[in-house]
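Structure first, commentary second.
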Amino acid sequence: VDAVIDELIRAKCEYMFNFVYPIKADETEELNLFNYNLSSKFKHIIPFGSLHLENDDKREIVERCVKEYKFIGFKLHPYVQRFSPDDERLFPAYEMMEKFGCLINIHTGFDMYYPKKVKAITLSVMEGLIKRFSSLIFLLPHMFYPNLNDAVYLLETYNNVYIDTTNIFSALLQDEESNINRDKEKEILAEALKKWSRRMVFGTDHPVGMSDLDTIYSEFYS
């Protein structure tokens, strides 16, 4: 942990949004407590909570994360956690997040890296959630990569949507190095940044990003 924090500080990161997500239901409380303790030790860290589809006490988990741990948002990674974000069993958690004015960060894109058994996080899946929970702020990382138009459509259509461009810049460059033409995607990204930059953010995904920190920032700046 100390090494990762030192790397980020060296790269002039003032704040670090740290995400956790349980693979199994019985990991939820331990992970949320870990993130709370981590943020208590390192003031740079802004922690997000999480939960699992099979947690029975979803409302209580959200309330504890907000009231006791002072988390401002939650993270779900449906591909890794192996459930769909529009499963109705998650709705009580979303309702509590709305009540407390939280953000929900739900992974989108890079489908090719994950098992085909898991339901794809499609535009229709996310749009259904965004419409149903219209006062919940949705932060969508990776812009459905490579289907960037899906993210731009949601950004233009719904005021409660923000886009996280993490890994996009590196992916575009690395794909082109592999002789995959990404001119269309680069144009979509450039136009979105001109129009919607106030509702777009960028992160490194460090220490599990697409390269080391120096390379990630170099690709971003280029």
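The values are calculated or read from the model by the stated rules, or taken from the named source; none is laboratory data. The shown structure was predicted, so the numbers you read here are calculated from the model rather than taken from an experiment. Note that we place each Cβ from the backbone using ideal geometry, even for glycine, and neighbour counts take in every protein chain shown. Calculation scope for accessible area: heavy atoms of the full protein, side chains included, ligands and nucleic acids excluded. Shrake-Rupley method; radii C 1.70, N 1.55, O 1.52, S 1.80 Å.
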Problem set entry | In Hz, Karplus ³J(HN,Hα) per residue of segment 199-204 (6.51, -1.76, 1.60; θ = phi - 60°; x = Gly, Pro) | 10, 10, 10, 9, x, 9
Exercise. Excluding ligands, DNA and RNA, what is the solvent-accessible area per residue of segment 20-130 at a probe of 1.4 Å, expressed in Å²?
Worked result: 47 Å²
For this session: Compute the Rg/Rh shape ratio of segment 1-125: radius of gyration over Kirkwood radius, all on alpha-carbon atoms.
Result: 0.98
Problem set entry | Charged-residue dipole, Cβ positions (Lys, Arg, Asp, Glu), segment 35-141 about Cα centre, Debye nearest 20 | 320 debye
Seminar exercise, completed: Candidate cut points under trypsin sites (Lys or Arg not before Pro) in segment 82-124, DSSP loop plus at most 10 other Cβ atoms within 10 Å of their own Cβ, are K116, K117
For this session: Give the relative contact order (percent, whole number) for segment 88-142; include only Cα pairs under 8 Å separated by 6+ residues.
Result: 55 percent
Exercise. Per 10 Å bin, what percent of the C-alpha pairs of the chain does each bin hold, from zero upward?
Worked result: 8, 32, 38, 20, 2
For this session: May I ask you to derive the FRET efficiency for D2 and K117 from their Cβ-Cβ distance with R0 = 45 Å, giving the value to the nearest 0.05?
Result: 0.75
For this session: Mind checking which of Y15, A3, N37 is farthest towards the positive end of segment 1-81's charge dipole, using Cβ charges of +1 (Lys, Arg) and -1 (Asp, Glu) about the Cα centre?
Result: Y15
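Can you tell me the relative contact order of segment 77-222? Whole percent, Cα pairs under 8 Å, sequence separation 6 or more.
20 percent.
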For this session: Using a 1.4 angstrom probe, figure out how much accessible area segment 137-176 has per residue, in square angstrom, rounded to the nearest whole.
Result: 30 Å²
Problem set entry | Amide H contacts of G73 (H built 1.01 Å from N, under 5 Å, at least 5 apart or other chain) | G49, L103
For this session: Taking amide H positions as placed in the peptide plane 1.01 Å from N, state which residues far from V201 in sequence (5 or more) or on other chains have amide H under 5 Å from it.
Result: I163, D164, T165
Seminar exercise, completed: Between N149 and S178, the two model label points (7 Å from Cα along the beta-carbon direction) sit apart by a distance in nm of 2.2 nm
Problem set entry | Filtered trypsin sites (Lys or Arg not before Pro), segment 1-51: DSSP coil and at most 16 other beta carbons within 10 Å | K12, K24, K43
Exercise. Along each of its three principal axes, how wide is the spread of alpha-carbon positions in segment 124-166, in whole angstrom units, largest first?
Worked result: 26, 18, 16
Problem set entry | Using alpha carbons only: equivalent-ellipsoid semi-axes of segment 150-222, gyration tensor based, whole Å | 22, 16, 10
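Express the carbon and sulfur contribution to the solvent-accessible surface of the chain as a percent, rounded to the nearest whole number, probe 1.4 angstrom. Intermediate results must be reported in sequence, preceding the final value.
Working: 5780 of 11590 Å².
Answer for the chain: carbon and sulfur cover 50 percent of the accessible area.
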Seminar exercise, completed: Probe 1.4 Å, all chains present, heavy atoms only: Y113 accessible area in Å², nearest 10, is 150 Å²
